[in-house]
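Right, one structure below, let's go through it.
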Amino acid sequence: MTKLRWGLLSTANINRRLIPAIRASARGELVAVASRQRETAESYATKWNIPHAFGSYEELLASDEVDVIYNPLPNHLHAEWSIRAMKAGKHVLCEKPMALTLAEVDAMIETAEKTGRVLAEAFMYRHHPQTKIVGEWVQNGRLGQITLVRATFNFAFRSRQNIRLVPEYGGGCLWDVGVYPVSFAQYVMGSSPTWVLGDQWLGDTGVDEDFAGQLHYQDGRMAQISSSFRTPFYTYAEVIGTEGRLYLNRPFVGVNDAERQLVFYPKDGTPEVIPVPEQELYLGEVEDMHAAILDGKPPYLTLAETRNHIRTVLALYESARTKQVVWLTDQEEA
């Protein structure tokens, strides 16, 4: 097999970002889309020039025309349909967050192991050259000892009629966009925190519409994350070390790639703009799936990392609910 055939599990709005990436990839092709209504699937397939349209998710999973599923369903359906897809013989790229409980994550990992299917969480920014440059700078010590990571992802709804505001669907700004700052902190620090402290503002539907968290790591390292559904679009990330800091004005999204900037502020001297090779934001995660399936390479974003970051998000929510520090390791170890 030289090309993998992709199917879209629903007509979710985020598909518009993945479709060009699949078509730009050397070893993938988009062949199918499914919806709960056949008319919706057929209309979508016509609009996006997709060969096959299915009137149910089950039909898509049963199709011999599809090798890989992209799962952009609402958060509470990620685990169920990813597991069903793998049991049907499909590889799965599942939109973040992969699941809402550790039990669901563990069931997904167990299914991937039993079926031999590739399962990966769709954190597209992790595959972008900019993020990898940050990782290299941290690893090679250019910033000295890392002391603090700060990251934010905010935006405001145009309409209150949004599934992100439904508690039963896994709504809330931390699950939706706050997971990006959490993921970034985990990536830079290379581990889960020892303890976390979270705070939130709940809107009228009962989900968090503002969330802020403090994450404490070994050796006195810290991270501060925040997210919001109530303020104009704003995102940034900053990695601070004893020898300087890196600042990212577009760490997670490509609103305008021409505006993306990575700047190094040394302990001594003038700031330096670090060149970043541009790449379509979603292409990296698609190509990584191809490499894992066709070449047998381990996915770049491991399932262990995914489990750790879901565990951290759950601890932040518990802390915000109980208004107490929540430990992720034994206090004696920390």
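The values are calculated or read from the model by the stated rules, or taken from the named source; none is laboratory data. Note that the coordinates shown come from a computational prediction; the quantities given were computed from them, not determined experimentally. Cβ sites come from the backbone with ideal geometry, for glycine too, and all protein chains shown count toward neighbours.
Answer yes or no: is there a residue in region 258-267 that is among the small types (Gly, Ala, Ser) and buried (at least 19 other Cβ atoms within 10 Å of the Cβ). Within region 258-267 (the criterion being among the small types (Gly, Ala, Ser) and buried (at least 19 other Cβ atoms within 10 Å of the Cβ)), the answer is no, since none of the residues qualifies. In region 144-159, the count of residues that are at pLDDT 95 or above, within 29 Å of TRP6 (Cβ to Cβ) and within 19 Å of the chain's Cα centre (by Cα) is one or more. Scanning region 16-67 for residues that are hydrophobic (A, V, I, L, M, F, W, C), under 15 Å from HIS290 (Cα atoms) and not in a helix (DSSP H, G or I) yields ALA26, LEU30, VAL66. So, LEU8, is that one crowded, with 22+ Cβ neighbours inside 10 Å, assigned to a helix (DSSP H, G or I), of a type outside the set (Gly, Ala, Ser) and touching a residue at least 12 places away in the same chain (Cβ under 8 Å) or not? So LEU8 fails the test. Would you check which residues across region 64-76 are surrounded by fewer than 18 Cβ atoms within 10 Å (Cβ to Cβ) and more than 18 Å from the chain's Cα centre (by Cα) and list them? ASP64, GLU65, listed by residue number.
Taking region 164-193 as the range and being crowded, with 18+ Cβ neighbours inside 10 Å and among the β-branched types (Val, Ile, Thr) as the test, the residues that pass are VAL177, VAL179, VAL182, VAL188. When the test is whether a residue is out of contact with any Lys or Arg (no Cβ under 8 Å at 6 or more places or on another chain) and free of Cβ contacts under 8 Å to residues at least 60 places away in the same chain, VAL196 does not pass it. With the condition kept exactly as written, say whether any residue in region 122-138 is under 18 Å from CYS94 (Cβ atoms), of a type outside the set (Ser, Thr, Tyr) and touching a strand residue (DSSP E or B) at 6+ places or on another chain (Cβ under 7 Å). Within region 122-138, one or more residues are under 18 Å from CYS94 (Cβ atoms), of a type outside the set (Ser, Thr, Tyr) and touching a strand residue (DSSP E or B) at 6+ places or on another chain (Cβ under 7 Å).
Is region 195-217 home to any residue that is in a loop (DSSP other than H, G, I, E, B), of a type in the set (Asp, Glu), modelled with pLDDT of 95 or more and within 21 Å of GLY170 (Cα to Cα)? Yes, region 195-217 contains at least one residue that is in a loop (DSSP other than H, G, I, E, B), of a type in the set (Asp, Glu), modelled with pLDDT of 95 or more and within 21 Å of GLY170 (Cα to Cα).
Taking region 276-297 as the range and being at pLDDT below 95 and touching a Leu at 6+ places or on another chain (Cβ under 9 Å) as the test, only VAL276 passes.
In this structure, VAL118 does not qualify as touching a His at 6+ places or on another chain (Cβ under 6 Å), over 18 Å from THR302 (Cβ atoms) and not charged (D, E, K, R).
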